[in-house]
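Enquirer: The structure that follows is given in the form of structure tokens.
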Amino acid sequence: MQAVIARPTVKQQTHWVDYLGHLLLGLIALVLLVFLAAPLLAILQQALQDRTGELVWFDNFIAYAKTPALLESLWNSVWVSSLVTLIAVPLAFGFAHALTRSCMPFKALFRGITLIPLLAPSLLSAISLIYWFGNQGVLKSWMQGIGIDQIYGAPGIVVAECFAVFPHALMILITALSLSDARLYEAANAMGTSASRKFFTITLPGAKYGLISAALVTFTLVMTDFGIPKVIGGNFNVLATDVFKLVIGQQDFAKGAVVAILLLLPAVLTFTVDNYLSKRQTAMLTARAIPYRPTPSRSYDIMMTAYCCAIAFLVLAMLGMAVFASFASLWPYNLSPSLRHYTLGLVDAEVGVGFVNSLKMAAGTAVFGTALVFCGAYLLEKTKGMDGLRGLVRMLAMLPMAVPGLVLGLGYIFFFNALDNPLNSLYHTLTLLTLCTIVHFYTTGHLTAVTALKSLDGEFESVSASLKVPFFKTFWRVTLPICTPALVDIARYFFINAMTTISAVVFLYSPETKVASIAILNLDEAGEMGAAAAMAVLIGIASTIATLLFMALAWWVNKNTQQWRTTSR
């Protein structure tokens, strides 16, 4: 009799817990719908309307196709992005090959140097190039001696973009080259195969997916970058700068939306091709595979060391010039060190307020972005029911990967600036800038969280359910402590990208909520190049300090929560 009475109570508790999980998943879906899907739909709606709001269908696209200047910008974006891809990917492949297939010394040092561009805004490379090769540049005469009249325009964009996208391509290619079966090379050696033949028949085919992914990512990053063309592009127009001019300068929202959709196409193509290739990719390491270990070769190791030294020198030269110029009193007449540019930027130009705003936005993005991403991933992977809602959340979680920051920011203008939108009060606030940044970088954090959660056995949830323990207690007591290292990685990713992003927030700030990366653009427009360099260096320093703090936090977390991973004998 007691067993019969107890059953309804257990059933009721299970339903209540499931309902809570579905409610939380629904809230995450609502956040992604409001702050991702709705702004993108607003862009599409704007592209199909005229200035008065009347539906004109594809008239704006036809008008764009009949505008020679805009078509020229499209062609400029395509060929510059293609050229950067053809230059940066082979350079990154050579560097990755040196790190993974040689026994050269100082690999960790070279790897660390190549990560430097990730810690500063992309436009730092453009500022450095101006000091190297600009009208008053150190090497301007040398540049003219090789037949290049000026660095402004396409030459500057290509070189600066190569510097900015190099670490992105390198990370992908290092991963691709690290997954190799040593047995293939042993068999080739036994048959007396030459080094060049092994490279073209084993190494390149094995890294094919990584090469294609690196090329697609590089092309998309260059197509959608705004900071570098804005600083060093001069009169050379590309799609990213066209969007800014059409929306901010000419208030032509319809054509701006059309260009935004064009910017969306290469990212969508990249996502589609990458998804297709990942399904066709076969495993490089099977259960019987032997990980590849490079063997010493004096001549090859010396050659690879020289190559990596050359790349590292170029990276340090780019960074070093920005640092040097930021301390130069009056370029190029008085190069004695002073803090004039830092004072001008932080105090006179009130960039100090923007720097504080950047730190607030980055901290908010790291904290709330990590919480949102991890909770969403947990509810998707470790709870049951509501399959339709799960499919929607999965799709929305992957969508930001295919949306450039410039497009997302433009969508926020159209959606949140509408007077009839109840969320209109968020416009021009630091809260909206933080939410936009979270959504912009959501996919990478989501994939990191899903990877960590998939490594946990589903028996944790099964046992908890059999013991009538609610899922949120299992989440708090078991899942969260085990996955803490992944949480630190996600928070670091959010923080660094929030400090350096430009395109995602360039449309959304107000004088009170201006962030440091946008302030650099304003200083550049005002002709204060030294102050702009100083602020870019400060962002790089802040990102470096934050990275070191996150590394210390990761060490502490591993020491205090990951002792179960070590086995005592």
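The values are calculated or read from the model by the stated rules, or taken from the named source; none is laboratory data. What you are looking at is a predicted structure, and each value in this text was computed from that prediction instead of being measured. Cβ sites come from the backbone with ideal geometry, for glycine too, and all protein chains shown count toward neighbours.
Enquirer: Which of the residues that make up segment 369-388 are hydrophobic (A, V, I, L, M, F, W, C) and modelled with pLDDT of 85 or more?
Expert: Start the filter on segment 369-388 by keeping residues that are hydrophobic (A, V, I, L, M, F, W, C), which leaves 371-375, 377, 379-380, 386.
Selection gives ALA371, LEU372, VAL373, PHE374, CYS375, ALA377.
Enquirer: Something else about it: With (1) surrounded by 16 or more Cβ atoms within 10 Å (Cβ to Cβ); (2) closer than 30 Å to ALA306 by Cα; (3) of a type in the set (S, T, N, Q) as the list, and SER73 as the residue in question, which single condition is left unmet?
Expert: Every listed condition holds for SER73 apart from (2).
Enquirer: Among the β-branched types (Val, Ile, Thr), surrounded by fewer than 17 Cβ atoms within 10 Å (Cβ to Cβ), in contact with a helix residue (DSSP H, G or I) (Cβ under 8 Å, 6 or more places away or on another chain) and in the same structural domain as LEU523 (by TED's automatic domain parsing) - does that describe any residue in segment 362-374? Don't jump to the end; show me each part of the working.
Expert: Applying the first criterion (among the β-branched types (Val, Ile, Thr)) to segment 362-374 yields 365, 367, 370, 373.
Narrowing the set further to residues that are surrounded by fewer than 17 Cβ atoms within 10 Å (Cβ to Cβ) leaves 367.
Cutting the leftovers down to in contact with a helix residue (DSSP H, G or I) (Cβ under 8 Å, 6 or more places away or on another chain) gives us 367.
Of the ones still in play, those that are also in the same structural domain as LEU523 (by TED's automatic domain parsing) are 367.
Within segment 362-374, one or more residues are among the β-branched types (Val, Ile, Thr), surrounded by fewer than 17 Cβ atoms within 10 Å (Cβ to Cβ), in contact with a helix residue (DSSP H, G or I) (Cβ under 8 Å, 6 or more places away or on another chain) and in the same structural domain as LEU523 (by TED's automatic domain parsing).
Enquirer: Right, another one. Can you tell me which residue in segment 79-113 is farthest from ILE545 (Cα to Cα), limited to those that are β-branched (Val, Ile, Thr) and at pLDDT 90 or above?
Expert: Of everything passing the filter in segment 79-113, VAL80 is farthest from ILE545 (Cα to Cα).
Enquirer: From the list VAL439, VAL450, which residue is modelled with pLDDT under 85 and either buried (at least 19 other Cβ atoms within 10 Å of the Cβ) or of a type in the set (S, T, N, Q) (or both)?
Expert: Only one candidate passes the filter, namely VAL450.
Enquirer: Residue by residue through segment 409-455, note down the ones that are more than 13 Å from ALA498 (Cα to Cα), among the aromatic types (Phe, Trp, Tyr) and outside any helix (DSSP H, G or I).
Expert: Within segment 409-455, just TYR427 meets the criteria.
Enquirer: Scan (1) in contact (Cβ under 8 Å) with a residue 12 or more places away in the chain; (2) farther than 22 Å from ILE518 by Cα; (3) surrounded by fewer than 24 Cβ atoms within 10 Å (Cβ to Cβ) for the single condition ILE151 breaks and write down its number.
Expert: Every listed condition holds for ILE151 apart from (3).
Enquirer: How many residues does segment 37-63 hold that are closer than 21 Å to ILE413 by Cα, modelled with pLDDT of 80 or more and not in a loop (DSSP other than H, G, I, E, B)?
Expert: The number of residues fulfilling the criteria is 14.
Enquirer: If we scan segment 140-154, do we find a residue that is assigned to a helix (DSSP H, G or I), modelled with pLDDT of 85 or more and of a type in the set (Phe, Trp, Tyr)?
Expert: No, because not a single residue in segment 140-154 is assigned to a helix (DSSP H, G or I), modelled with pLDDT of 85 or more and of a type in the set (Phe, Trp, Tyr).
Enquirer: Further, regarding this structure: List pairs: first residue in segment 402-431 and not assigned by TED's automatic domain parsing to the domain that holds LEU239 and of a type in the set (S, T, N, Q), second residue surrounded by 19 or more Cβ atoms within 10 Å (Cβ to Cβ) and in a helix (DSSP H, G or I) anywhere in the structure, Cβ distance under 7 angstrom, at least six positions apart or on different chains.
Expert: Note: pairs meeting the criteria are ASN421/PHE415; ASN424/PHE416.
Enquirer: Taking segment 80-108, which residues are assigned to a helix (DSSP H, G or I) and over 18 Å from VAL315 (Cβ atoms)?
Expert: Those that are assigned to a helix (DSSP H, G or I) and over 18 Å from VAL315 (Cβ atoms): VAL80, SER81, SER82, LEU83, THR85, LEU86, THR100, ARG101.
Enquirer: Determine whether ALA552 is among the hydrophobic types (A, V, I, L, M, F, W, C), under 24 Å from LEU316 (Cβ atoms) and modelled with pLDDT of 85 or more.
Expert: It is false that ALA552 is among the hydrophobic types (A, V, I, L, M, F, W, C), under 24 Å from LEU316 (Cβ atoms) and modelled with pLDDT of 85 or more.
Enquirer: Further question on the same structure: Would you confirm whether any residue within segment 239-252 is modelled with pLDDT of 85 or more and farther than 30 Å from LEU48 by Cα?
Expert: no
Enquirer: Can you pull out the helices (runs of 4 or more DSSP H) entirely within segment 295-382 that have at least 2 residues that are within 27 Å of the chain's Cα centre (by Cα), of a type in the set (Val, Ile, Thr) and over 30 Å from GLY21 (Cβ atoms)?
Expert: 298-327, 351-382
Enquirer: Within segment 401-424, track down each residue that is surrounded by 23 or more Cβ atoms within 10 Å (Cβ to Cβ) and either under 15 Å from ILE28 (Cα atoms) or not aromatic (Phe, Trp, Tyr) (or both).
Expert: Correct list: VAL403, PRO404, GLY405, LEU406, VAL407, LEU408, GLY409, LEU410, GLY411.
Enquirer: Can you report the number of residues in segment 109-139 which are within 23 Å of SER326 (Cα to Cα), in contact (Cβ under 8 Å) with a residue 60 or more places away in the chain and assigned to a helix (DSSP H, G or I)?
Expert: Within segment 109-139, residues that are within 23 Å of SER326 (Cα to Cα), in contact (Cβ under 8 Å) with a residue 60 or more places away in the chain and assigned to a helix (DSSP H, G or I) number 16.
Enquirer: Okay, moving on. Against the condition surrounded by 17 or more Cβ atoms within 10 Å (Cβ to Cβ) and assigned by TED's automatic domain parsing to the domain that holds ALA534, how does THR343 come out, does it pass?
Expert: It is false that THR343 is surrounded by 17 or more Cβ atoms within 10 Å (Cβ to Cβ) and assigned by TED's automatic domain parsing to the domain that holds ALA534.
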